[in-house]
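*Asks:* Structure below; questions to follow.
Each reported figure results from applying straightforward, stated rules to the coordinates on display, with no laboratory input. A quick note: this is a predicted structure, and the numbers were derived from the prediction, not measured. A quick note on method: Cβ atoms are made from the backbone with ideal geometry, for glycine too, and the neighbour counts reach across all protein chains shown.
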Amino acid sequence: MRALIPLCLILPAAAFADAAPTAPADPFKPMAFLAGHCWKGDFPNQPQTDEHCFEWVYDGHFLRDHHVVHGDGHPDYQGETLYYWDTVSRQIQYLYIENQGGYSKGGVEATADGLMFPPTTYSDNGQQQTYRSHWQRNGDDAYESINELKTKDGWSVAWKVKMQKQPEAQK
């Protein structure tokens, strides 16, 4: 006796086969310079550093960024971002989570000088903050992360950190 696959399971898959938009040849090309490296910078006028380490996940289908803010007088602040290609918006999207319970999600756009993270909302413990970021490349070994918060008076720079590519770890 032959097992039959219900027609309702076959038709939907066939219907979507031609309808699904395809990704550009390399959707992560604008972010590829980050992968396989750690980047570290000092916060201005503060005794703390921010370090981001990027790695490809699942054969390059996703890019992971694990970051840690080290500083005096407080436990490390840690977060993780997973970047992915969204076929509906035809854009790189991300989900960010952090060790204190906060999260955000949004998109990434390539610009002439780096990457733009359009306004989105960071949520933590019932509170929300609208922010945006711009990562401006500075050669092959550095970029400046400019982070702005939306206030009642408009956009205000919260911090700028020059991120420097770190030497490869000794094996």
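*Asks:* What is the sum of charges around Gly154, taking Lys and Arg as +1, Asp and Glu as -1, for the other residues whose C-beta is under 13 Å from the C-beta of Gly154?
*Replies:* Values: positive: Arg132, Lys150, Lys152; negative: Glu148, Asp153.
Spelling it out: positives minus negatives among the neighbours equals +1.
*Asks:* Express in whole angstrom the spacing between the alpha-carbon centres of the range 93-138 and the range 37-65.
*Replies:* 14
*Asks:* Test of understanding: ordering Met116, Met163 by Cβ neighbours within 10 Å, fewest first, what list do you get?
*Replies:* Working: Met116 16, Met163 21.
Ranked by crowding around the Cβ, least crowded first: Met116, Met163.
*Asks:* Give me Glu168, Glu55 ranked fewest to most by other Cβ atoms within 10 Å of their Cβ, as a rough exposure proxy. Please report the intermediate quantities before stating the final value.
*Replies:* On the way: Glu168 9, Glu55 14.
Final ranking by Cβ density, sparse to dense: Glu168, Glu55.
*Asks:* Using the count of nearby Cβ atoms within 10 Å as a rough guide to exposure, how do Val108, Val69, Val88, Val57 rank from fewest to most? Write out the running numbers ahead of the final one.
*Replies:* Numbers: Val108 21, Val69 18, Val88 8, Val57 13.
Placing the least packed residue first, the sequence is Val88, Val57, Val69, Val108.
*Asks:* Calculate one ³J(HN,Hα) per residue across the range 63-70 by plugging θ = phi - 60° into the Karplus curve 6.51 cos²θ - 1.76 cosθ + 1.60, and present them in order as whole Hz with x for glycine and proline.
*Replies:* 10, 9, 10, 9, 10, 9, 9, 9
*Asks:* Could you name the lysines in cross-link range of Lys29, using Cα to Cα under 25 Å and dropping any fewer than eight places away on the same chain?
*Replies:* List returned: Lys40, Lys105, Lys160, Lys162, Lys165.
*Asks:* Give a residue-ordered list of calculated ³J(HN,Hα) values for the range 98-110 (Karplus: 6.51 cos²θ - 1.76 cosθ + 1.60, θ = phi - 60°; whole Hz; x for Gly, Pro).
*Replies:* Values, residue by residue: 9, 5, 9, x, x, 7, 7, 8, x, x, 10, 10, 6 Hz.
*Asks:* Describe numerically, in nm with one decimal, the distance between label points set 7 Å from Cα along Cα→Cβ at His74 and at Tyr103.
*Replies:* 2.2
*Asks:* How much net charge surrounds Leu95 when only the other residues with a Cβ under 14 Å from the Cβ of Leu95 are counted, with Lys and Arg +1 and Asp and Glu -1?
*Replies:* Details: positive: Arg64, Lys105; negative: Asp65, Glu80, Asp86, Glu98.
Computed value for this residue: -2.
*Asks:* Give a residue-ordered list of calculated ³J(HN,Hα) values for the range 121-135 (Karplus: 6.51 cos²θ - 1.76 cosθ + 1.60, θ = phi - 60°; whole Hz; x for Gly, Pro).
*Replies:* 10, 9, 10, 7, 6, x, 9, 10, 9, 8, 9, 8, 9, 9, 9
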